[in-house]
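K.L.:
The structure under discussion is supplied below as structure tokens; questions concerning it will follow.
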Amino acid sequence: MNNVVVLPILIPVLTGIVLILVRSLTWLRIIGVASLLINIGVTAYLISQIDATGIQVLELGGWSAPFGIVLVADMFAALLVVTANVTAVICLLFASRTIGEKRERFYFHSFYQFLIAGVCGSFLTGDIFNLFVFFEVMLISSYALIVLGATKQQLRESIKYMLVNMLSSVFFVVSVGFLYGAVGTLNMADLSLRIAEMGQGGLLNIIALMFLFVFGLKAGLFLFFWLPGSYSAPPAAVSAIFAALLTKVGIYALIRTFTLIFYQDPDFTHELLGWMAGATIVLGTIGAVGAKNVKGILVYNVVASVGFIIFGLAAFTEGALQGVVYYLLHDIVIKALLFLLGGAFLIAAGTGRLRSTGEWIRTYPLLGWLLFATAFAVAGVPPLSGFLGKLLILEGGLRAGEYVLVGIALLSSLLLLYSIIRWFMEGFWKPRPEGAPAGGETRVVRSLLMPCVLLLAISAALGLGAEGLAGFVDQAAHTMAEPSVYISAVLGE
Amino acid sequence: MNMNDVILRTATKVITFIILTFSLYMFFAGHNNPGGGFIGGLITASALVLLYLSFDLESMKKVLPVNYIAMTAIGLLIAVATGMGSFLFGAPFLSHAFGYYDLPLFGEKTELATAVLFDLGVYLTVVGITMTIILAIGEDQT
Amino acid sequence: MELLVAILIGVLFMIGTYLILTRRLLRIILGTVLLSHGAHLLLMTTAGLKRGAPPLLGEEAAAYTDPLPQALILTSIVISFGVTSFILVLAYRTYKQLGTDDMEQLRRQEDE
């Protein structure tokens, strides 16, 4: 029993509730940022505990493991929680400069905190129905955030976003129902144990596919048709936090279910994951290269990276899983950074269409070079983060004999680099065409660069400090590769 | 509303109190029997909706100047705080305790449970959120 | 009994799917509502439609039904209630602001 496990969920929930009652704009911002900072501290403490004594488990309400709901903080989940909170703080800094007073008054800060609570809860829960509940907490907050402000485009896109997610929630409930009918438990550790006993036959494979569909839809794995529209509708800060966290939660759920629960028949499930990942990479890359405006480049970069992470899961060796952990941490930071840069650029240039921009390097040299550095971080050039993760995933892919997919992944890295460099060249270097819209206020744009610099610094720290991180990542990947560690920690046998 | 709703109004005055009493009964019956904060809250909300239907929004705002969003927040706060109360006793989050006490008015061996506090939070939240939803839909007349 | 409920679930899913494939926004929302009803019934049925006393203290019956699926369904119903009311308001707002509830006209336009 360790009550610290629940704190990363409780702190944002409490803050969100308190923020409903707060009226002053200054206090809204201060309390919001402070709570996320506290959350980072608490999670760091949690990580030190996990490092010292292994996986931390909390049985809610004192109901013991297979019967009650458990929260399980293993190293993987804790690392994700801390990265998510760090990114969330920085996006919040960006948000309070751009989001506008009207949105802030309409409970933006509360929904933001509830979103973080849902994300942290999804990472920490050890019960598959509870995962559904935290997914919904996260999604409902995201519905509110995506529509807040109610411009025409937001209304149109949020309706579709909600419908897609409602549908996938229905399928989530259906899959949980089938799973409970077939196995008779919902605790993830107990599920793993029982499925190992009864063998993963045809029925369980079908249930696994249903979960693949549900989580794939949320993660944007192959079923990403909803993603470009919804992620380009809300203001930059909101779509940054969506891109950084929401798809990652789907990815996390996929990784958790396919390393802990449905890992008995990798020839079927993981092979399928591999090809879906390959298709996602290809389609995402094509979208990014073909995009004519900044938002298109941004959203299709998200899609491609989802494919890349799942490719590591499909390779399913311990080395590849280490790569997945590294890359997931990197991707949370870098996607937020990319979207924030995009947001700053949209304000600076006044338009997202690449054709009608240019020459912004004169006004905003820092923004331009930040974008240049980020492009290399996305491609995975050392010393920035992303290099080690990519290396390990590709190595794992080669070991698993997936030569075609490794080739696709390598080629896509190059093309994604090209897609962002194209934005850099056309937006910053090309002579500005006739009739280009006037840019935003210089002072406003300059004030937006601080969060971006912070995120880039974190990305560099993740890359340079990979050695120091290695111990934690090894533990995280080890738990994924050896489900017995997780099971014995939860069920205490 | 212009229609002649004397019957509705007269009936509402009586029925509302019956519903409210029943909702209180449901609230306290909870935990070991069917009932509890959730269903109690829904019943209370239905009584309030009946009031809002038979008397117009403006006069109801004067009679019940309640900010339902704040009510929701307070309810949530109570529920979460009750869960966190277990931290003080070194028990896992959301642990609940109960005991039997002799109280003057309620007779001997009255069961008191901390779950009632949690239910109070749920009750306030449910009433607050249901009314917020219904008023949000209903307030728009144009 | 299981068979009857299974058919009922099938019918609910069928109508829900049909409604989702239409163009009017309100019909699509009704479709998702029916689908979620179907999913809840399915959750109850796959866990087994057992006969027994309700799982309450003081019933002292020989057999109790499994309380877990009921708890899951209650949670799920509350969530879908909240989400549905949200999307209804959203749909109404969209209809008022964009002047249409036809999904064909709610498509994304280029260059935004």
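K.L.:
Hey, which of the helices (runs of 4 or more DSSP H) in region A:121-222, taking only ones fully inside, have at least 2 residues that are of a type in the set (Val, Ile, Thr)?
P.N.:
Once the helices (runs of 4 or more DSSP H) in region A:121-222 are filtered for at least 2 residues that are of a type in the set (Val, Ile, Thr), what remains is A:128-147, A:152-183, A:202-219.
K.L.:
If you don't mind, there's one more thing I want to ask. When you look at residue A:363, is it β-branched (Val, Ile, Thr), over 17 Å from residue A:420 (Cα atoms), in a loop (DSSP other than H, G, I, E, B) and touching a residue at least 12 places away in the same chain (Cβ under 8 Å), yes or no? Full working, then the answer.
P.N.:
Working: β-branched (Val, Ile, Thr): yes; over 17 Å from residue A:420 (Cα atoms): yes; in a loop (DSSP other than H, G, I, E, B): yes; touching a residue at least 12 places away in the same chain (Cβ under 8 Å): yes.
Here the answer is yes, as residue A:363 does meet what is asked.
K.L.:
Within region B:82-103, is there a residue that is assigned to a loop (DSSP other than H, G, I, E, B) and of a type in the set (Phe, Trp, Tyr)?
P.N.:
So far as region B:82-103 goes, yes, one or more of its residues are assigned to a loop (DSSP other than H, G, I, E, B) and of a type in the set (Phe, Trp, Tyr).
K.L.:
Something else: Does any residue in region C:9-21 that is over 13 Å from residue C:41 (Cβ atoms) come within less than 7 Å, Cβ to Cβ, of a residue that is assigned to a helix (DSSP H, G or I) and open to solvent by 70 Å² or more (accessible area, probe 1.4 Å) six or more places away or on a different chain, and which pairs are these?
P.N.:
That search, which allows pairs on different chains as well, returns C:19/C:27; C:19/C:30.
K.L.:
Which condition number does residue B:55 fail, the rest of (1) within 11 Å of chain A (Cβ to nearest Cβ); (2) more than 16 Å from the chain's Cα centre (by Cα) being met?
P.N.:
With (1) within 11 Å of chain A (Cβ to nearest Cβ); (2) more than 16 Å from the chain's Cα centre (by Cα) applied to residue B:55, the lone miss is (1).
K.L.:
On to the next question. Could you say which residue among C:65, C:75 is facing another protein chain (nearest Cβ under 8 Å), farther than 20 Å from residue C:20 by Cα and among the polar types (S, T, N, Q)?
P.N.:
C:75
K.L.:
Could you tell me whether any residue of region A:58-79 is under 23 Å from residue A:140 (Cα atoms) and in a loop (DSSP other than H, G, I, E, B)?
P.N.:
Yes, region A:58-79 contains a residue that is under 23 Å from residue A:140 (Cα atoms) and in a loop (DSSP other than H, G, I, E, B).
The rows are residues; the columns are (1) over 17 Å from residue B:39 (Cβ atoms); (2) aromatic (Phe, Trp, Tyr).
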| site | (1), (2) |
| --- | --- |
| B:98 | yes, yes |
| B:102 | yes, no |
| B:112 | yes, no |
| B:115 | no, no |
| B:118 | no, yes |
| B:126 | no, no |
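K.L.:
Okay, next question. Pick from region C:83-107 the residues that are at the interface with chain A (Cβ under 7 Å from one of its Cβ atoms), free of Cβ contacts under 8 Å to residues at least 12 places away in the same chain and open to solvent by less than 30 Å² (accessible area, probe 1.4 Å): which of them is farthest from residue A:158 (Cα to Cα)?
P.N.:
For region C:83-107, the residue satisfying everything is C:83.
K.L.:
Condition first: under 22 Å from the mean Cα position of the chain (by Cα), open to solvent by less than 50 Å² (accessible area, probe 1.4 Å) and of a type in the set (A, V, I, L, M). Now tell me which residues in region B:85-129 satisfy that.
P.N.:
Answer for region B:85-129, where residues must be under 22 Å from the mean Cα position of the chain (by Cα), open to solvent by less than 50 Å² (accessible area, probe 1.4 Å) and of a type in the set (A, V, I, L, M): B:113, B:115, B:122, B:124, B:126, B:127.
K.L.:
So how many residues does region A:1-43 have that are polar (S, T, N, Q) and within 13 Å of chain B (Cβ to nearest Cβ)?
P.N.:
Selection size over region A:1-43: 3.
K.L.:
Restricting the search to region A:22-32, which residues are part of a helix (DSSP H, G or I) and over 17 Å from residue A:119 (Cβ atoms)?
P.N.:
Selection gives A:25, A:26, A:27, A:28, A:29, A:30, A:31.
K.L.:
Within region A:339-361, how many residues turn out to be buried (at least 24 other Cβ atoms within 10 Å of the Cβ) and either β-branched (Val, Ile, Thr) or more than 20 Å from residue A:442 (Cα to Cα) (or both)?
P.N.:
Residues flagged as buried (at least 24 other Cβ atoms within 10 Å of the Cβ) and either β-branched (Val, Ile, Thr) or more than 20 Å from residue A:442 (Cα to Cα) (or both) within region A:339-361 amount to 1.
The values are calculated or read from the model by the stated rules, or taken from the named source; none is laboratory data. Here the structure is a predicted model, which is why all the values come from computation and not from measurement. Note that we place each Cβ from the backbone using ideal geometry, even for glycine, and neighbour counts take in every protein chain shown. Quick note on the areas: whole protein, heavy atoms, side chains included, nothing else; ligands and nucleic acids left out. Shrake-Rupley method; radii C 1.70, N 1.55, O 1.52, S 1.80 Å.
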